[in-house]
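First the structure, in the form of structure tokens, and then the observations on it.
The values are calculated or read from the model by the stated rules, or taken from the named source; none is laboratory data. What you see is a predicted model; the values in this text were computed from it and never measured. So basically every Cβ, Gly included, is an ideal-geometry build from the backbone, and we count neighbours across all protein chains shown.
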């Protein structure tokens, strides 16, 4: 059986390791679900989410040169299985000029980030120039001028 990227499959968990779980998806064909692909939240221990012999729905997210399958449970959960057997595709994201303008989270009458940054830079420059003048005078006194 040939597997394609994006195919949604059903399989059985055959082995659990600390870095993921092995899933049989066809007779004689298994793949690895990496620990980062098990759930949408942080997974500390694979055994908290999966047990050996459990039936799972997985999505093929990679096939290496050796023909090994990289599988994902969380990607399969976000997309319903495709009845035709053809791989499902994620909707494309358009980057167009119609994107909304960035929001300003400042309250009316409250200074914006840019205003605060400008004020900080002015204060910093004033403090640095005062410090420089002080150290110049201090150095001149030590040299006997």
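Residue count for the range 11-29 under the criterion of being modelled with pLDDT under 90 and surrounded by 16 or more Cβ atoms within 10 Å (Cβ to Cβ): the result is 0. Would you mind telling me which numbered condition in (1) in contact with a helix residue (DSSP H, G or I) (Cβ under 9 Å, 6 or more places away or on another chain); (2) within 12 Å of residue 72 (Cβ to Cβ); (3) part of a loop (DSSP other than H, G, I, E, B) residue 36 fails? With respect to (1) in contact with a helix residue (DSSP H, G or I) (Cβ under 9 Å, 6 or more places away or on another chain); (2) within 12 Å of residue 72 (Cβ to Cβ); (3) part of a loop (DSSP other than H, G, I, E, B), residue 36 is out only on (3). Taken over the range 52-76, residues that are touching a residue at least 40 places away in the same chain (Cβ under 8 Å) and surrounded by fewer than 20 Cβ atoms within 10 Å (Cβ to Cβ) amount to 7.
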